[in-house]
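Here's the structure we're looking at; comments come further down.
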Amino acid sequence: MLGVKEINNYYGKLHVLRDLSIKVGKESVGLFGPNGAGKTTLINAIIGLAKPSSGEITFEDKSLLPLETYQIIRQGIALVPQSRELFPLMSVRGNLESGASYVPGAKEKMAQTMEFIFEIFPVLKDRLNQLAGTLSGGEQRMLAIGRALMATPKLIILDEPSLGLQPSLVAHLFHRLKEIKKGVSILLAEQNVRQSLKAVDRGYVIENGKIVLEDDSKVLTNNEHVKKSYLGL
């Protein structure tokens, strides 16, 4: 589905991504690494906000590099950024509906998709008429994910979804990701490796802009480097 092949990205003279390659099929894939490792830069490259200086990015065998961000989204990729970027003075319903407004075919499936989201995040159904800005941090994160799902994507990219959430909400959120991956592929960029490895099928470890490890989640959980550097074992 998604193929990133040997891309290089620079910020000025700073070489951020170095011959980096990953693949995401019909599965959930984790991207793990410390702050500054290049996770967000990779996401920005995929959605067209940080064009690589070399390499290739394809989605369903079509190059994404010539496309603008809005065109990439219409190919079937949705992003949930770290900052959530909700409309705080708009209701939960309004935020959800906005996710389907500009994607071909999504508006016709709006009611069906919304019911799917309510199955995953029942609290959103109870908050439909509440202003998004008055929700708790965890509820806002759920709403951001729900809004992305309203676009009926084939691939959803989550950038640090656990950021700022208390541990109990983090565990709840990652448990829900198991439900989401039944209907859509997931690329999850996270620092919380312990919880993430319970929710994904495979994972990559990125350090200093390079992929240093790649394996299925069970193998990574038992990898000595991962245990020492990311799991505190």
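The values are calculated or read from the model by the stated rules, or taken from the named source; none is laboratory data. Since we're looking at a predicted model, the values are computed, not measured. Quick reminder, even Gly has a Cβ in these numbers, built from the backbone with ideal geometry, and neighbours come from all protein chains shown. These area figures cover heavy atoms from the full protein model, side chains too; ligands, DNA and RNA do not enter into them. Shrake-Rupley method; radii C 1.70, N 1.55, O 1.52, S 1.80 Å.
Taking only protein heavy atoms into account and a 1.4 Å probe, give the accessible area per residue of region 1-93 in Å².
I get 50 Å² per residue for region 1-93.
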Worksheet item: Where is the GNM fluctuation largest for the chain (alpha-carbon springs, 10 angstrom cutoff): Glu60, Glu207, Glu97?
Response: Glu60
Worksheet item: For region 117-157, what does the alpha-carbon gyration tensor say about shape, rounded, prolate or oblate, given a ≥ b ≥ c as the root eigenvalues, a/c under 1.5 as rounded, and a/b over b/c as prolate?
Response: prolate
Item to complete: Can you pull the one-decimal nm distance between simple spin-label points at Lys228 and Leu65, each 7 Å off the Cα toward Cβ?
Response: 3.8 nm
Discussion item. Given Cα positions, please report Rg to Rh for region 1-120, the hydrodynamic radius being the Kirkwood one.
Written reply: 1.01
Discussion item. Please compute the contact order of region 134-193 in relative form: average sequence separation of alpha-carbon pairs under 8 Å and at least six residues apart, divided by the residue count, as a percent.
Written reply: 46 percent
Practice prompt. Compute the normalised compactness of the chain: alpha-carbon radius of gyration over 2.2 N^0.38 Å, N being the residue count.
Written response: 0.99
Worksheet entry | DSSP-loop trypsin sites (Lys or Arg not before Pro) across region 137-233, with at most 14 other Cβ within 10 angstrom | Lys182
Response to the item:
Mean-square fluctuation maximum in Gaussian network of the chain, Cα pairs under 10 Å, restricted to Val92, Val200, Val184, hits Val184
Worksheet entry | Projected-area mean, region 164-224, by convex hull of Cα positions, square nanometres | 4.8 nm²
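Once the Cα gyration tensor of region 141-193 is diagonalised, what are the square roots of 5 times its eigenvalues, in whole Å and ordered largest first, as equivalent ellipsoid semi-axes?
Listed largest to smallest, the semi-axes of region 141-193 are 18, 11, 11 Å.
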Discussion item. So if I place +1 on the C-beta of Lys and Arg and -1 on the C-beta of Asp and Glu, and nothing else carries charge, what would the dipole magnitude of the chain be about its Cα centre? I want it in debye, nearest 20.
Written reply: 160 debye
Worksheet, complete the sentence: Note on region 41-116: contact order normalised by length, alpha-carbon pairs under 8 Å, 6 or more apart, percent, works out to 19 percent
Item to complete: Give the long-range amide H neighbours of Ser91: residues separated by 5 or more places, or on another chain, with amide H under 5 Å away, using H modelled in the peptide plane at 1.01 Å from N.
Response: Ala132
Discussion item. For a test of the definition: using alpha carbon positions, the gyration tensor, and the 1.5 limit on a/c, classify region 15-66 as rounded, prolate or oblate.
Written reply: oblate
